[in-house]
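One structure is given below, encoded as structure tokens.
The values are calculated or read from the model by the stated rules, or taken from the named source; none is laboratory data. A quick note: this is a predicted structure, and the numbers were derived from the prediction, not measured. Note that each Cβ is placed from the backbone with ideal geometry, even for glycine, and that neighbours are counted across all protein chains shown. Quick note on the areas: whole protein, heavy atoms, side chains included, nothing else; ligands and nucleic acids left out. Shrake-Rupley method; radii C 1.70, N 1.55, O 1.52, S 1.80 Å.
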Amino acid sequence: MIKKNAKNIILVLFVVITGIFYIDSFMRSGVEEDFFTDIYLYLWNCNLNIVFTIVFLVVFQELCVMDSYKKIFNHFDRYIITRVGYVNFYKKEIKTIALKSLAYYYLLHTIMLLYCLIKYGYRTSPDIDLFKYQLFCGNPLLNIILFIILSSFGLIIFNCFIFSLSSFIKNMYLYRFTSLASFFVTILLSVIFSTLIQKIFGVTDLIKTIGQSLMITSLLQPGMAFMRYGFLNFSIAAIIFIILTIVTLSITIKYRMKYDG
């Protein structure tokens, strides 16, 4: 238990150190407006910090999902299923994944926010037009609060979706990179889908937002692609991935009930 907790702390610190590196690099680049909210939200912009996003995806799958996957991989789940049934087993694991996702995610944000606050201070301005990251509204502090809350639920949805694929990927080492693979696959699908609907409805920020809602960054970084459409961006992505998760888990449970020996 001590060894496992130490490993998890090291993983969280690795994400923190990676984030600090990008924040400090951003500040050393000679930015004109160093508002607190813009400094912090810059870190979560995948278009500017794809390496941080990749590190985050891989580490948080390890932290939040892998223990549940190992139960299935090692067939330990069958002992639990004989007592509680398939549905209850998957419900319990999803609840566990959700709690882990919230705990580690808010821990990460707490550490990173404190770092930014201590090192760079809380600088703001009454002129909202100066702020770059107006993801949901014109209030910079409300933007960052909404971003953290929505993205935390987005992380839960995404991790549950990754867990729903656990019975289809038998190789543990390949499964560790399912989040990363999903990231690139959804980018490709989003480009195709976005191109199609733009040909039908025209090219506007609203249509682009809808088209990019297939990307997992719409769950994890809502509003970053096109400002002011954060709620729409997140809502469409959440509906899509919740449906995919429910369908995949339903197929998994029916298949296992029929073929598990």
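Points worth noting:
- Among the residues making up the stretch 1-47, those that are open to solvent by 70 Å² or more (accessible area, probe 1.4 Å) and at pLDDT 85 or above are K7, I9, I10, L13, F14, I17, F21.
- Where a residue in the stretch 202-220 is farther than 26 Å from V55 by Cα and its partner, wherever it lies, is part of a loop (DSSP other than H, G, I, E, B) and of a type in the set (D, E), with Cβ under 9 Å and at least six apart: none
- The residues listed here are K199, K132; of these, the one that is in a helix (DSSP H, G or I) and among the charged types (D, E, K, R) is K199.
- The set of residues in the stretch 192-220 being modelled with pLDDT of 85 or more, under 15 Å from N47 (Cα atoms) and β-branched (V, I, T) consists of I216, T217.
- Scanning the stretch 136-145 turns up at least one residue that is under 21 Å from G19 (Cα atoms) and open to solvent by 30 Å² or more (accessible area, probe 1.4 Å).
- A single entry from F226, F234, F183 fulfils the requirement of being under 28 Å from F52 (Cα atoms) and either outside any helix (DSSP H, G or I) or at pLDDT below 90 (or both): F226.
- Of residues in the stretch 230-244 being within 15 Å of the chain's Cα centre (by Cα) and touching a residue at least 40 places away in the same chain (Cβ under 8 Å), the one surrounded by the fewest Cβ atoms within 10 Å (Cβ to Cβ): I242
- Single residue of the stretch 78-118 satisfying the filter (of a type in the set (S, T, Y) and farther than 21 Å from F161 by Cα) that is surrounded by the most Cβ atoms within 10 Å (Cβ to Cβ): Y115
- Boolean, G138 is among the small types (G, A, S), farther than 27 Å from I253 by Cα and either out of contact with any strand residue (DSSP E or B) (no Cβ under 8 Å at 6 or more places or on another chain) or assigned to a helix (DSSP H, G or I) (or both): yes
- Residue match in the stretch 96-106 (condition: of a type in the set (K, R) and touching a Cys at 6+ places or on another chain (Cβ under 7 Å)): yes
- Residue ID - surrounded by the fewest Cβ atoms within 10 Å (Cβ to Cβ), chosen from residues in the stretch 151-179 that are hydrophobic (A, V, I, L, M, F, W, C) and either modelled with pLDDT under 95 or not in a helix (DSSP H, G or I) (or both): L174
- Screening L189 against (1) under 25 Å from H109 (Cα atoms); (2) touching a helix residue (DSSP H, G or I) at 6+ places or on another chain (Cβ under 9 Å); (3) open to solvent by 50 Å² or more (accessible area, probe 1.4 Å) leaves a single unmet condition, (1).
- Among the residues of the stretch 48-77, those identified as open to solvent by less than 30 Å² (accessible area, probe 1.4 Å), within 16 Å of the chain's Cα centre (by Cα) and either free of Cβ contacts under 8 Å to residues at least 60 places away in the same chain or closer than 19 Å to I148 by Cα (or both) are N49, F52, T53, V55, F56, L57, V59, F60, Q61, L63, C64.
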